[in-house]
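Inspection log for the structure reproduced underneath, given as structure tokens.
The values are calculated or read from the model by the stated rules, or taken from the named source; none is laboratory data. Here the structure is a predicted model, which is why all the values come from computation and not from measurement. All Cβ positions, glycine included, derive from the backbone under ideal geometry; neighbour counts span all protein chains shown. Ligands, DNA and RNA are stripped out before the accessible areas are found, and what is left, the full protein with its side chains, is counted by its heavy atoms. Shrake-Rupley method; radii C 1.70, N 1.55, O 1.52, S 1.80 Å.
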Amino acid sequence: MNPTITPEWGKLQAHHDSIRGAHLRELFAADPDRGSMMTAEHDGLYLDYSKQRITTETLDLLVALASATRLGEGIEAMFTGERINTTEDRAVLHTALRRPHDAQLRVDGENVMPAVHSALDRMSVFAQRVRRGQWRGFTGRRLRTVVNIGIGGSDLGPAMACQALVDVADPNLEFRFVSNIDGNDLASALRVLDPQETLFIVSSKTFTTVETLTNAHTARRWLLDALGTTSAVRDHFVAVSTNTAAVEDFGIARDNMFEFWDWVGGRYSIWSAIGLSVMIAIGTDQFRGLLAGARSMDDHFRTAPLERNLPVLLGLLGIWNRNFLGSQTHAVLPYDQRLARFPAYLQQLEMESNGKSVDRQGNPMTVDTAPIVWGEPGTNGQHAFFQLLHQGTTPVPADFIGVLDPAHDLHTHHDLLIANLFAQTQALAFGKTSEEARSEGIASEQIPHRTFPGNRPSSTILADQLTPYSLGQLVALYEHKIFTQGWIWGIDSFDQWGVELGKVLATRILDQLQSTRSVGSELDSSTSALIGRYRQTIRE
Ligand code: F6P
């Protein structure tokens, strides 16, 4: 359904016209309880959305829009395995990966839960053997480094989670993530690794991705050069994939493969065997904690009333900011260094899911879809791009993410960190008027430079601690936020056709780069000149 033809969309437009001049200063002044009322909480995760440019009426209208687009039916369709990824004719069931053993979930008539749990059990046995030093390298040495080779969803989730959960990770193991086709990525890892002590996990849903296969083949050659026999591959390479034939073609035996299924999207796959490196890092019980946290958010998303449903609220606020306030980008600002890769993880999750220009039926969208998602941890960002957030010409809605109880005892650092988080949301919302600047004794010629417009929307998300459980909640929160938005926009959030064209063209250009024939006349003049310049430099 095109959301713009609903009466609710029209009402939101009229409502926007009526409150567009309202400043957050006025909204807070008008309601002393706003800061405690415009909040929602689930299982220890707290959301303060009072600094969004909304009133209670805005929220009512947004919730009405969600109902009019039958969001509740969409949520059920996803959880029950309907083929809501219509362009690929697939179910979308990453939520099945965090369900308990005794749940029932049929895909094509078959209950998938036994397979989900037997895959988890196999991962668990393997992870324990590596952690206990029972799985050894070919020469009998204990494994010290685990290298995940994968890209996109087969890299960003495990890389983000291993960094986030470093406090509960095995300190005797080092984890590395190689993704880029740029040889610098793999070469810099191999330079410092000992082949006798290194385990490679080749992670690829399709096992056809050129970056991953190229890196995996080079890593395999490096290992064989050092250890002298293909028999070593068995002890140093495992694969995670849905494509058994391609894994076997590569030379990894079925026994060393951990499988998952086509109903798990790449960017939603951290819960599957793609999370193997995470499980090795933190152990089985903690990995189950990650799944349990996500399950808690699943249950909340499925059952909580829309107006108190955290992912729904985040999704609706995103629609308000994007479609009614006209925001083009969205900043994700974790005030926790361990979450440094979280913005990059969310970039794929949100932009690959909802960066679409046609609806599920192929009709051109009449409203904007996903914003550009970006961010860096605080307080680093404050000394880099926050200038633009406060005084630039483009308001940027932001999510500030904080963890109240740190995992260290540097309490002064933590107080400063959290003080900065709260202060930034305050400064963005309320700004500083010219009267206030003047009363501080600021010289009149400096007043325009030293006032802050304020009225810049943000949400604050707080977790008590950063644990596998709360990380699971946080990731599932954003997964479902993205689902909410995609459903309301009427797009397929689970395909990614937009990445295909570049792949095809790269193959053609590779032929031209490596050829000695003159550059093909069918190419555009820019690309042909660029190829010519490359060839000339490389051959000189
Ligand atoms: O870039 C497209 C994409 O298909 C992503 O959706 C996916 O996460 C990534 O490539 C890696 O794919 P694979 O796991 O099949 O190697």
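Listed values, structure above:
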{"item": "Packing-based ranking, highest mean first, of 484-493, 212-221 given that Cβ atoms within 10 Å are counted", "result": "484-493, 212-221"}
{"item": "Cα-based helix-to-principal-axis angle, 500-514 vs the chain, degrees rounded to 10", "result": "50 degrees"}
{"item": "Karplus-derived 3J(HN,Hα), 6.51/-1.76/1.60, for each residue of the stretch 231-238, Hz, glycine and proline x", "result": "4, 5, 4, 4, 8, 10, 10, 10"}
{"item": "Count of lysine pairs in the chain with Cα separation under 27 Å (8 or more residues apart, or interchain)", "result": "10"}
{"item": "Candidate residues 528, 521: accessible-area rank, largest first, probe 1.4 Å", "result": "521, 528"}
{"item": "Accessible-area value, residue 388, 1.4 Å probe, nucleic acids and ligands omitted, Å²", "result": "90 Å²"}
{"item": "Separation in nanometres of the label points that stand 7 Å from Cα toward Cβ, at residue 513 and residue 385", "result": "2.7 nm"}
{"item": "Inter-site label distance for residue 404 and residue 537 at 7 Å from Cα along Cβ, in nm", "result": "5.4 nm"}
{"item": "Placed amide H near residue 373: partners under 5 Å, 5+ positions off or other chain", "result": "330"}
{"item": "Accessible-area ranking of 254, 34, 191, largest first, probe 1.4 Å", "result": "191, 254, 34"}
{"item": "In degrees, nearest ten, helix 113-131 long axis to first principal axis of the chain (Cα)", "result": "70 degrees"}
{"item": "Neighbour cut-off at most 15 other Cβ (10 Å), DSSP loop, trypsin sites (Lys or Arg not before Pro), the stretch 121-153", "result": "132, 141"}
{"item": "Rounded percent of accessible protein surface that carbon and sulfur make up, the chain, 1.4 Å probe", "result": "50 percent"}
{"item": "Label-to-label distance, nm, for residues given as residue 82 and residue 262 (7 Å Cα→Cβ offset)", "result": "2.1 nm"}
{"item": "Loop-located GluC sites (Glu not before Pro) in the stretch 429-491 whose Cβ has at most 11 other Cβ within 10 Å (DSSP)", "result": "440"}
{"item": "The chain, accessible area per residue, ligands and nucleic acids excluded (1.4 Å, Å²)", "result": "44 Å²"}
{"item": "Amide H contacts of residue 143 (H built 1.01 Å from N, under 5 Å, at least 5 apart or other chain)", "result": "137"}
{"item": "Distance from the stretch 88-119 to the stretch 330-399 (C-alpha centre basis), Å", "result": "31 Å"}
{"item": "Note, ³J(HN,Hα) from phi for the stretch 441-456, Karplus 6.51, -1.76, 1.60, rounded to Hz, x at Gly and Pro", "result": "x, 6, 4, 4, 5, 8, 3, x, 7, 10, 9, 10, x, x, 6, 9"}
{"item": "Near-label residues of the stretch 62-87 by backbone N, under 17 Å of a point 7 Å along Cα→Cβ of residue 11", "result": "62-72"}
{"item": "Relative contact order [Cα under 8 Å, 6+ residues apart], the stretch 301-426, whole percent", "result": "31 percent"}
{"item": "Rounded to 10°, Cα long-axis angle of helix 183-192 versus longest principal axis of the chain", "result": "70 degrees"}
